[in-house]
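Here the structure comes first, spelled out in structure tokens, and everything after it is commentary.
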Amino acid sequence: MVGRGGVGVDNIDLDAASRRGILVVNAPEANNVSAAELAIALLLAAARGVARSDARLRRGVWDRAFLGREVDGAALGIVGLGRIGSLVARRAQGLGMRVAAYDPYITARRAEELGVRLVDELHAMLAEVAFLTVHTPLTDETTGLIDAAALAALPAGAVVVNAARGGIVDEAALAAALAAGHVFAAGLDVFVEEPPPPDHPLLGRDDVVVTAHLGANTEEAQRRVGSDIVERTVRALRGDVALGVVNAPALAPEVVAKLGRHLELGEALGKVIAQLAQGRVHELVIEFAGDFPLDPDPIAVAVAKGFLEPVLSDPPTYVNALALAKQRDVRVSRVVAARPRGYVTHVRVTARSDAGSSVVAGTVLGDHPRIVEIEGFPIEIRPEGTMLICTNYDRPGAVGRVGTVLGDAGVNISGMQLSRVGEDGLAMFALTLDQVPGEAVLGVLRGMSDVIHTLRAVRL
């Protein structure tokens with residue numbers, strides 16, 4: 001057993017532990033209240049110039065000319081309405097704030113339960129709020145999410161707080177916005193480099209209040225962490241892996257042995273559909289067709305696990321994936337196809353959202369998972385690496401033009417599959433890439449509107 005007190009397990013080699021039969025448990029919920037309270041503390045301290053006044057008074061300067069900002073009646077924008085974001089929302093409402101949130105993975109129903117106004121577009125929310133706080137995991141999608149353009153979208157005099165992960169807020173852009181007077185003040189508990197270097201541009205500003213990654217550092221949180229991790233370790237040693245185990249499949253060895261490749265397929269389909277679906281997904285429908293070696297129900301759990309993985313800081317497991325989906329108001333439905341789909345086994349996932357439906361399907365050929373359908377287009381591709389999935393008009397040279405742009409950017413194409421033209425005159429091609437294209441490259445490709453209809457980069 002390895003017990004990790006707290007949330008992150010990035011300092012543990014989970015693959016190596018799993019190969020050696022070592023269970024790893026953590027206590028991800030124990031710090032939530034403390035983290036939420038620190039975010040509120042930073043927000044209030046930044047708004048009222050606490051660090052500025054404290055430093056000046058200690059230097060013997062009695063400065064009463066500073067005018068702070070009240071939070072009562074002000075609009076707070078929350079990016080990420082998960083466990084900690086929800087707690088922040090409750091506390092902000094207790095201070096009389098009006099709360100809006102941007103979170104593509106939270107349903108309107110969940111936001112309504114919290115009394116929070118859900119906004120579909122980040123910059124639309126930013127334009128309306130006087131205070132901003134972020135509570136998302138650090139992923140490819142959220143790195144630099146609050147950049148110069150996002151900060152410029154805020155009204156003049158806004159207050160920005162980051163007590164989540166360093167890198168979500170672009171530190172250089174924040175320093176520039178503070179220097180220009182567009183952002184009134186900021187509160188930071190996290191940095192890209194920790195500890196930050198002494199010459200960090202934000203450390204020398206008296207309109208920034210900083211703490212040393214103290215979100216979990218309260219006596220109460222540490223007691224809960226200690227209690228939770230001991231309890232979970234003991235329970236796991238006794239065979240109960242229902243709480244906190246981050247690397248155990250929680251499936252019988254027979255299930256893993258006979259459905260192993262199908263479980264990999266399920267996770268891959270979940271990850272793909274999470275990145276293809278538009279809007280807020282409220283239901284995953286998993287259809288099984290064919291002759292599976294065992295009851296395929298665990299594959300549905302694998303789909304839910306894969307679907308949640310790109311959006312959660314704590315990796316979901318086969319134990320908690322369905323519970324986490326329910327917590328986010330995502331229904332997971334299983335159906336058995338009335339007729340075969342042309343393969344020995346076939347798994348089809350439909351994500352239903354407020355913006356429509358997305359579909360991806362797959363099978364296991366030989367001993368390898370394969371995607372065999374994307375958005376109604378028959379296409380066969382291995383789910384691996386970074387995939388560029390494009391629908392294109394049926395015109396000569398479309399694929400070649402995309403390949404030229406990628407080649408000029410130094411992005412190598414390791415695989416390519418084409419689909420036939422559909423009734424609407426559109427075809428699909430999928431490229432497997434060795435590198436993740438930068439946003440500038442993707443922007444160029446999206447700008448090729450004469451041949452490209454839709455383009456999505458999917459990371460597995």
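The values are calculated or read from the model by the stated rules, or taken from the named source; none is laboratory data. Every value quoted in this text rests on a predicted model; they were computed, and no experiment measured them. Neighbour counts are summed over all protein chains in view; Cβ atoms, including those assigned to glycine, are modelled from backbone coordinates with ideal geometry.
Under the condition of being surrounded by 16 or more Cβ atoms within 10 Å (Cβ to Cβ) and of a type in the set (S, T, N, Q), which residue from segment 396-444 is farthest from Pro383 (Cα to Cα)?
Restricting to residues being surrounded by 16 or more Cβ atoms within 10 Å (Cβ to Cβ) and of a type in the set (S, T, N, Q), the top hit is Ser419.
Is it the case, given these coordinates, that Arg165 is in contact with a strand residue (DSSP E or B) (Cβ under 9 Å, 6 or more places away or on another chain) and at pLDDT below 95? Reasoning before the result, please.
Details: in contact with a strand residue (DSSP E or B) (Cβ under 9 Å, 6 or more places away or on another chain): yes; at pLDDT below 95: yes.
In short, yes.
Given the conditions (1) touching a helix residue (DSSP H, G or I) at 6+ places or on another chain (Cβ under 7 Å); (2) touching a residue at least 60 places away in the same chain (Cβ under 8 Å), report the number of the one that Ala164 does not fulfil.
The single condition Ala164 does not satisfy is (1).
Looking at this structure, is Gly68 assigned to a loop (DSSP other than H, G, I, E, B) and either small (Gly, Ala, Ser) or closer than 28 Å to Thr142 by Cα (or both)? Explain how you work it out, then say what you get.
Values: assigned to a loop (DSSP other than H, G, I, E, B): yes; either small (Gly, Ala, Ser) or closer than 28 Å to Thr142 by Cα (or both): yes.
When the stated conditions are applied, Gly68 passes them.
Tell me which of these Ser449 doesn't satisfy, since it passes every other one: (1) buried (at least 19 other Cβ atoms within 10 Å of the Cβ); (2) among the hydroxyl-bearing types (Ser, Thr, Tyr); (3) at pLDDT below 90.
(1)
Restricting attention to segment 199-228, and to residues there that are assigned to a helix (DSSP H, G or I) and either touching a Pro at 6+ places or on another chain (Cβ under 7 Å) or not charged (D, E, K, R) (or both), which single residue is farthest from Ala45 (Cα to Cα)?
Filtering segment 199-228 down to residues assigned to a helix (DSSP H, G or I) leaves 219-228.
Now narrow it down to the ones that are either touching a Pro at 6+ places or on another chain (Cβ under 7 Å) or not charged (D, E, K, R) (or both): 221-222, 225-227.
Numbers: Ala221: 22, Gln222: 24, Val225: 27, Gly226: 30, Ser227: 31 Å.
Applying the filter and picking the extreme gives Ser227.
Scan Thr133, Thr107 and give me the residue that is touching an Asp or Glu at 6+ places or on another chain (Cβ under 8 Å) and either assigned by TED's automatic domain parsing to the domain that holds Leu67 or of a type in the set (Val, Ile, Thr) (or both). Before you say what the answer is, go through the steps one by one.
Numbers: Thr133 fails: touching an Asp or Glu at 6+ places or on another chain (Cβ under 8 Å).
Just one listed residue meets the conditions, Thr107.
Do we find a residue being within 21 Å of the chain's Cα centre (by Cα) and small (Gly, Ala, Ser) anywhere in segment 114-127? So that I can check it myself, show each step before the final result.
Step one: list which residues in segment 114-127 are within 21 Å of the chain's Cα centre (by Cα), which gives 114, 116-126.
Checking the rest, the ones that are also small (Gly, Ala, Ser) come to 124.
Checking segment 114-127: at least one residue is within 21 Å of the chain's Cα centre (by Cα) and small (Gly, Ala, Ser).
From the set of residues in segment 16-35 that are in contact (Cβ under 8 Å) with a residue 40 or more places away in the chain and part of a helix (DSSP H, G or I), which is surrounded by the fewest Cβ atoms within 10 Å (Cβ to Cβ)?
Ser18
Residues checked against (1) under 16 Å from Val255 (Cα atoms); (2) in the same structural domain as Glu375 (by TED's automatic domain parsing); (3) surrounded by fewer than 16 Cβ atoms within 10 Å (Cβ to Cβ); (4) of a type in the set (Phe, Trp, Tyr):
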position: Phe292; (1), (2), (3), (4): yes, yes, no, yes
position: Ala300; (1), (2), (3), (4): yes, yes, no, no
position: Leu308; (1), (2), (3), (4): no, yes, no, no
position: Asp314; (1), (2), (3), (4): no, yes, no, no
position: Val319; (1), (2), (3), (4): yes, yes, no, no
position: Leu324; (1), (2), (3), (4): no, yes, no, no
position: Arg331; (1), (2), (3), (4): no, yes, yes, no
position: Val336; (1), (2), (3), (4): no, yes, yes, no
position: Arg341; (1), (2), (3), (4): no, yes, no, no
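Given the options Glu287, Glu231, name the one that is in a helix (DSSP H, G or I) and among the acidic types (Asp, Glu). Walk me through it before giving the result.
Numbers: Glu287 fails: in a helix (DSSP H, G or I).
Among Glu287, Glu231, only Glu231 is in a helix (DSSP H, G or I) and among the acidic types (Asp, Glu).
For segment 51-65, give me each residue that is surrounded by 10 or more Cβ atoms within 10 Å (Cβ to Cβ) and either aliphatic (A, V, I, L, M) or outside any loop (DSSP other than H, G, I, E, B) (or both).
Step one: list which residues in segment 51-65 are surrounded by 10 or more Cβ atoms within 10 Å (Cβ to Cβ), which gives 51-57, 63.
The answer is Ala51, Arg52, Ser53, Asp54, Ala55, Arg56, Leu57.
Of the residues Leu43, Leu38, which single one is at pLDDT 95 or above, within 22 Å of the chain's Cα centre (by Cα) and surrounded by 15 or more Cβ atoms within 10 Å (Cβ to Cβ)?
After applying the criteria, what remains is Leu38.
Quickly run through segment 110-130 and pick out the residues that are closer than 24 Å to Ala45 by Cα and either surrounded by 20 or more Cβ atoms within 10 Å (Cβ to Cβ) or not assigned by TED's automatic domain parsing to the domain that holds Gly96 (or both).
Start the filter on segment 110-130 by keeping residues that are closer than 24 Å to Ala45 by Cα, which leaves 116, 125-130.
Val116, Met125, Leu126, Val129, Ala130, listed by residue number.
State whether the residues of segment 257-280 include one that is surrounded by fewer than 18 Cβ atoms within 10 Å (Cβ to Cβ) and not in a helix (DSSP H, G or I).
yes
Which ones in segment 200-213 are of a type outside the set (S, T, N, Q) and farther than 18 Å from Ala177 by Cα? Spell out the reasoning first.
From segment 200-213, those of a type outside the set (S, T, N, Q) are 200-210, 212-213; that's our starting set.
Those that are of a type outside the set (S, T, N, Q) and farther than 18 Å from Ala177 by Cα: Ala212, His213.
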